[in-house]
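Read through the structure below, which is laid out as structure tokens, and then see the notes.
The values are calculated or read from the model by the stated rules, or taken from the named source; none is laboratory data. Please read these numbers as outputs of a predicted model, since none were measured by experiment. Quick reminder, even Gly has a Cβ in these numbers, built from the backbone with ideal geometry, and neighbours come from all protein chains shown.
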Amino acid sequence: MIARTFLGLLLPFAAGKIDIPIEYEREFEQQMDALQVALRAWKQSEAGRYALQNGFYTEDTYEAMDIDQLGRFFMSQIAVKKAQASNPNAIFSIDTPFSLMTEEEFAQFAGSSYDVQARRSLQTSNATRMTTPSSIDWTTSGCLTPPKNQGMCGSCWAFAAIGALESALCLQRKNETLTLYSEQQVNDCDTKSYGCSGGFPRNALEYIQQNKGVCTAEAYPYVSGDSGKNGKCIEKSCGEMDIRVNSVGSSEDAFVRALAAQPIAVGVAAGNREWKQYKAGILSTCSTDELDHAVLAVGYGTGSDGDFFKIKNSWGTGWGDKGFMYLKRDEDKSACGIINKHAVYPTIL
């Protein structure tokens, strides 16, 4: 069976010179002065500073505002227009950390590859027999950590799994304690995944299950975000926990019932212009459909623009709606492939 590997990042990406499509060449030339002003402002913004700090672009010491950067910025403006045209209920902006990446480079950043694995059966969720509320938002529960930043490491799978575990433990303790746990330990020690080259939330949770626990973030801090490299696995005794790993199933009903009980780790199609330039609102469609990124589903509800799922990403608070995104919920086909067989969550025993 072909299984998706959720890669958060592949850096350094192969940045090449951009070619402006012929149909946009005249517009690009006409906007050159305005582009220089806008690009200079972007570089001073939170998004631009984040991009530079994380290696999403580099400054040429001789020509910081070269034609290539202006071309990239211009094509990101075109991407904003295209994304907006197909997603009227979302807001897209040049004010994201990825506006000097081409769409191809961003797809590499979000990352996708495949690995043939024998898929074992997981415990089926008992949540399918629950009565579900009309809406849920785990961000208001006191049992959800703020959006974190995976940085230069393709560890989205570890962040999604640890996020699900943190919430599950807090909810079991009836909101008494929200403890941050170690993505770095999972990234270093889960031998079934590939560290900064990608992995599976399911494998991360199974590592914790077999290891009888995982260290806190304080005891085993995250460092791969700066280096983009795996650390050496340090097996630490950080206290025991027993968990069961649950597979949600691929129906919307099963997904919603599981999410009504706790946040769940999910795979999505993120390597596209919509995620690249997303700022707020409900994303109704993605221009790609390959599952290439792992996030944490943290709620669902209905707004003035329709039904949605709410997700927490691991690209920091400078991306999206302070690190969150809203995806259209649809009984037939929800946005960006969020309803799929790869969703998992832990039960604390």
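Per-structure values
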read-out	value
Listing of helices (runs of 4 or more DSSP H) fully contained in segment 204-292 that carry 2 or more residues being under 26 Å from residue 141 (Cα atoms) and assigned by TED's automatic domain parsing to the domain that holds residue 328	252-261
Number of the condition not met by residue 143 [criteria: (1) part of a loop (DSSP other than H, G, I, E, B); (2) at pLDDT below 95]	(2)
Checking residue 282 against (1) in contact with a strand residue (DSSP E or B) (Cβ under 9 Å, 6 or more places away or on another chain); (2) closer than 24 Å to residue 155 by Cα; (3) at pLDDT 95 or above; (4) buried (at least 21 other Cβ atoms within 10 Å of the Cβ), the condition it does not meet	(2)
Flag if residue 37 is surrounded by fewer than 17 Cβ atoms within 10 Å (Cβ to Cβ) and either of a type in the set (Phe, Trp, Tyr) or not assigned by TED's automatic domain parsing to the domain that holds residue 286 (or both)	yes
Filtered residues of segment 160-192 (kept if under 19 Å from the mean Cα position of the chain (by Cα) and over 17 Å from residue 225 (Cα atoms))	164, 165, 166, 167
Residues that are surrounded by fewer than 24 Cβ atoms within 10 Å (Cβ to Cβ) and touching a Lys or Arg at 6+ places or on another chain (Cβ under 9 Å), drawn from segment 149-178	152
Residue check, residue 184 farther than 23 Å from residue 111 by Cβ and either at pLDDT 95 or above or in a helix (DSSP H, G or I) (or both)	no
Candidates 266, 223 - the one that is free of Cβ contacts under 8 Å to residues at least 60 places away in the same chain and either under 18 Å from the mean Cα position of the chain (by Cα) or surrounded by fewer than 24 Cβ atoms within 10 Å (Cβ to Cβ) (or both)	223
Breaking point among (1) touching a Lys or Arg at 6+ places or on another chain (Cβ under 6 Å); (2) on the phi > 0 side of the Ramachandran plot, for residue 249	(1)
